[in-house]
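Data block below; observations after.
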Amino acid sequence: MFKVQPLRSKEVQEELAASLGVAYYPDTYAFFTVDMDEEATKILSVIGMCQFEFSPDGAVIRSIAASPESKGDEAVFIMVRTVMNFCYRAEIPTIAVAVSDNPNDLTSDRSFVRSLGFRETSDYVIDLKKFYRSPCHYNENEKES
């Protein structure tokens, strides 16, 4: 069983960023995903972390990190969608991804970023209102075969 939740401690956020091999962004918010025991009382391992910033004008994902054994895990995908939903519910109109050149940062994997629904313009951006109106059809013209 996994759990996605906000990360409230800057010290833990910094430690997780270091352990996952990505940059720490002290002025960002973060959500993290952990693997829990069956009773959901004990953390077994860290799956990933997503650092992001937002304003009333838009949000930017600064990093998406996953433990080596969790890259490609659906829990990472769900963690990013949780961040997107958080921003949508806060009435933030768009969310973008700041692409990294760090191979430990999943924002450097363009196919992964596209799989989340981000459209490649000058940046990777999602119009959250349009996305949540019809998420299955949002990128219909840009899906890879």
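The values are calculated or read from the model by the stated rules, or taken from the named source; none is laboratory data. None of these values were measured; they are calculated from a predicted model. Quick reminder, even Gly has a Cβ in these numbers, built from the backbone with ideal geometry, and neighbours come from all protein chains shown. Only protein heavy atoms, including side chains, enter the accessible area calculation; ligands, DNA and RNA are left aside. Shrake-Rupley method; radii C 1.70, N 1.55, O 1.52, S 1.80 Å.
At-a-glance table
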{"quantity": "Residue satisfying condition, being assigned to a helix (DSSP H, G or I), at pLDDT 95 or above and within 26 Å of D127 (Cα to Cα), within set M79, M49", "calculated": "M79"}
{"quantity": "Restricting the stretch 85-107 to residues that are assigned to a helix (DSSP H, G or I) and polar (S, T, N, Q), the residue that is surrounded by the fewest Cβ atoms within 10 Å (Cβ to Cβ)", "calculated": "N85"}
{"quantity": "Number of positions in the stretch 111-129 that are assigned to a helix (DSSP H, G or I) and aromatic (F, W, Y)", "calculated": "1"}
{"quantity": "Qualifying residue in the stretch 109-126 (condition: of a type in the set (F, W, Y), at pLDDT below 95 and more than 12 Å from the chain's Cα centre (by Cα))", "calculated": "yes"}
{"quantity": "Selection status of A18, open to solvent by less than 50 Å² (accessible area, probe 1.4 Å) and either under 17 Å from S70 (Cβ atoms) or in a helix (DSSP H, G or I) (or both)", "calculated": "no"}
{"quantity": "Every residue from the stretch 25-37 that is closer than 23 Å to F54 by Cα and surrounded by fewer than 17 Cβ atoms within 10 Å (Cβ to Cβ)", "calculated": "P26, D27"}
{"quantity": "Cβ pairs under 7 Å, 6+ apart, first in the stretch 23-45 and over 29 Å from R62 (Cβ atoms), second part of a strand (DSSP E or B)", "calculated": "D37/L44; K42/M36"}
{"quantity": "Selection count, the stretch 112-131, where residues are of a type outside the set (A, V, I, L, M, F, W, C), open to solvent by less than 60 Å² (accessible area, probe 1.4 Å) and more than 18 Å from F54 (Cα to Cα)", "calculated": "1"}
{"quantity": "Filter result (farther than 20 Å from C87 by Cβ and not acidic (D, E)) within the stretch 23-54", "calculated": "A23, Y24, V34, M36, A40, T41, K42, I43, L44, S45, V46, I47"}
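Yes/no per residue for (1) in contact with a Cys (Cβ under 9 Å, 6 or more places away or on another chain); (2) under 20 Å from A96 (Cβ atoms); (3) not in a strand (DSSP E or B):
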| residue | (1), (2), (3) |
| --- | --- |
| A30 | yes, yes, no |
| T33 | yes, no, no |
| E39 | no, no, yes |
| L44 | no, no, no |
| E53 | no, yes, no |
| S63 | yes, yes, no |
